[in-house]
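Novice: Mind having a look at this structure? Questions to follow.
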Amino acid sequence: MGKNNHEQVAQAIIESLGGKQNINNAWHCMTRLRFDIKDESLINEEAIKAMSSVMGVQNKNDQYQIIIGTDVNSYFEPLAQQLGINDNQESSSDEKKSMTAMFMDIVSGVFGPIVPAIAGAGMIKGLLAGFQALNWISADSQTVQVLDMLASGVFTFLPFFIAASAARIFKTNQYLAIAIAAAMQFPTMVDAAAAGEIDAFRVFGFIPIPVFNYSGTVIPIIITVFVLSYIYRWVDKVLPKALRTVFTPTISLFVTGLIAFVIIGPIGIHLGNGLARVIAALFEISPILAGIIVGLIRPISILTGLHHAMTPIALQNFADQGYDMLMPMMFMTNMAIAGATLAMYRKTKNQQERSVIISSALSGFLGITEPALFGVLTKYKRGLIAATIGSAVASAFISAFGVRLYGYILSSIFSLPAYIGEYFIFAVLGIVIAIVVAFISATFLSKPAK
């Protein structure tokens, strides 16, 4: 599809949403256009669904979501231009959202744009760990050192990426946000945390700055940029115009930086550690139980958009313990969804619908499950139940054997090499279980077309 066609579709979407004046804000994740709408009664949903580029729509948590697929950015760019969205634009919405809606807006908006970076680096990190486990390369080699720089750079300096992305969501200055992230990861702080000789710095002799290593952390910088957005706007509002160019960034950086060091950073560290401990406690009670619970809720969470809530937990696990056991379960869910979708092929004799089913299943194997969920399994609801069963059984299986990842990757069949090592065989068996159980469950639960 050419550029002009993308622009035409974007224009049609805006018109079907009630026009530019009815859209407070817009952003996107890996597969969906997401909108903050003023008056939902003005939406022409049938017109949107009729567009060939649209796989489905959803209205959840005060977000109107249009499922596009992996080509979503090609549509978002002309859409953003037509809406006049820019980094410093403030939302015109004065409606109060629920805490859940606000949380999902933030998580999906922050992590969506940076997924390619963390997924690419995570794939290299996973492969590197697997090759070392198989003794194919020496851990002391310069090859490993260079590849580790490529793999670990994103995760070590993750706060920089999150700061830039969060600044777009909170409509504040990206470079000030990055500056604060840089301050929190400055060698003085990192070295002090590594040495463990002091618990806190003293500013002006009496303000304590607790010492923590913020490398790879998620929650502290998100909260900090949120606070920065309000401080920056307030300072810019109260200062005379002649002083704003120099003193707005100076005061904003100073005040927000101190708040981040004294309050937000420590609280964010403890919150992140708390989330990781909750997950760890669940695994300590029973890895199988943990697998069943995560496997059961994952398909529904993707449907509702709540699946993004697991991303900060997984990233925190990588930062704290060097590995994560949640992402392999997400992998199992995707395979189960693809397996259940394939089983729906026998539910219809319509060749066009069968084509949709096959393409949606293939997309699921490649890690993009929205086409399968919204295009197929929401229609054949017993297929969705089957996918959930397959997801739970396979997740319980791999959890029982401790399958884990050492870097963030997309949950695609092509990501399997990242599991090379002692858990590889269990990951492969888990995939087989997910697909077979989901397929057989869907076959028995659903009746074939006559």
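Novice: Condition check: polar (S, T, N, Q) and either at pLDDT below 80 or more than 21 Å from the chain's Cα centre (by Cα) (or both). Does Ser391 satisfy that?
Specialist: Answer is no for this residue.
Novice: Next up: Say we look at region 241-276 and pick out the residues that are at pLDDT below 90, closer than 13 Å to Ile223 by Cα and of a type in the set (A, V, I, L, M, F, W, C); which of these is surrounded by the most Cβ atoms within 10 Å (Cβ to Cβ)?
Specialist: Ile269
Every residue, every condition in (1) outside any helix (DSSP H, G or I); (2) at pLDDT 80 or above; (3) among the β-branched types (Val, Ile, Thr), yes or no:
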residue	(1), (2), (3)
Trp27	yes, yes, no
Thr70	yes, no, yes
Asp87	yes, no, no
Met104	no, no, no
Pro113	no, no, no
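Residues checked against (1) of a type in the set (Gly, Ala, Ser); (2) part of a helix (DSSP H, G or I):
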| residue | (1), (2) |
| --- | --- |
| Asn5 | no, yes |
| Ile14 | no, yes |
| Asn24 | no, no |
| Ser41 | yes, yes |
| Ala47 | yes, yes |
| Ser52 | yes, no |
| Asn59 | no, no |
| Tyr64 | no, no |
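Novice: Same structure, new question: Would you mind stating whether Glu422 is more than 14 Å from Met332 (Cα to Cα), surrounded by 21 or more Cβ atoms within 10 Å (Cβ to Cβ) and not aliphatic (A, V, I, L, M)?
Specialist: No: the conditions fail for Glu422.
Novice: Does region 235-283 hold any residues that are free of Cβ contacts under 8 Å to residues at least 12 places away in the same chain and among the polar types (S, T, N, Q), and which are they?
Specialist: Thr245, Thr250, listed by residue number.
Novice: Same structure again: Return the pairs, sorted by first residue and then second, in which the second residue is of a type in the set (D, E, K, R) and assigned to a helix (DSSP H, G or I), the first residue lies in region 309-333 and is touching a residue at least 24 places away in the same chain (Cβ under 8 Å), the beta carbons are less than 9 Å apart, and the residues are 6+ apart or on different chains.
Specialist: Phe318/Lys125; Met329/Arg298; Met330/Arg298; Met332/Arg298; Thr333/Arg298
Novice: Which ranges mark the helices (runs of 4 or more DSSP H) fully within region 125-200 that have 1 or more residues being modelled with pLDDT of 85 or more and crowded, with 19+ Cβ neighbours inside 10 Å?
Specialist: Once the helices (runs of 4 or more DSSP H) in region 125-200 are filtered for at least 1 residues that are modelled with pLDDT of 85 or more and crowded, with 19+ Cβ neighbours inside 10 Å, what remains is 158-170, 174-184, 187-195.
Novice: Just a yes or no: is a residue in region 28-47 aromatic (Phe, Trp, Tyr), within 25 Å of the chain's Cα centre (by Cα) and closer than 23 Å to Ser355 by Cβ?
Specialist: no
The values are calculated or read from the model by the stated rules, or taken from the named source; none is laboratory data. No experiment lies behind these values; they were computed from the predicted model shown. Heads up, the Cβs are rebuilt from the backbone with ideal geometry, glycines too, and the neighbour counts pull from every protein chain shown.
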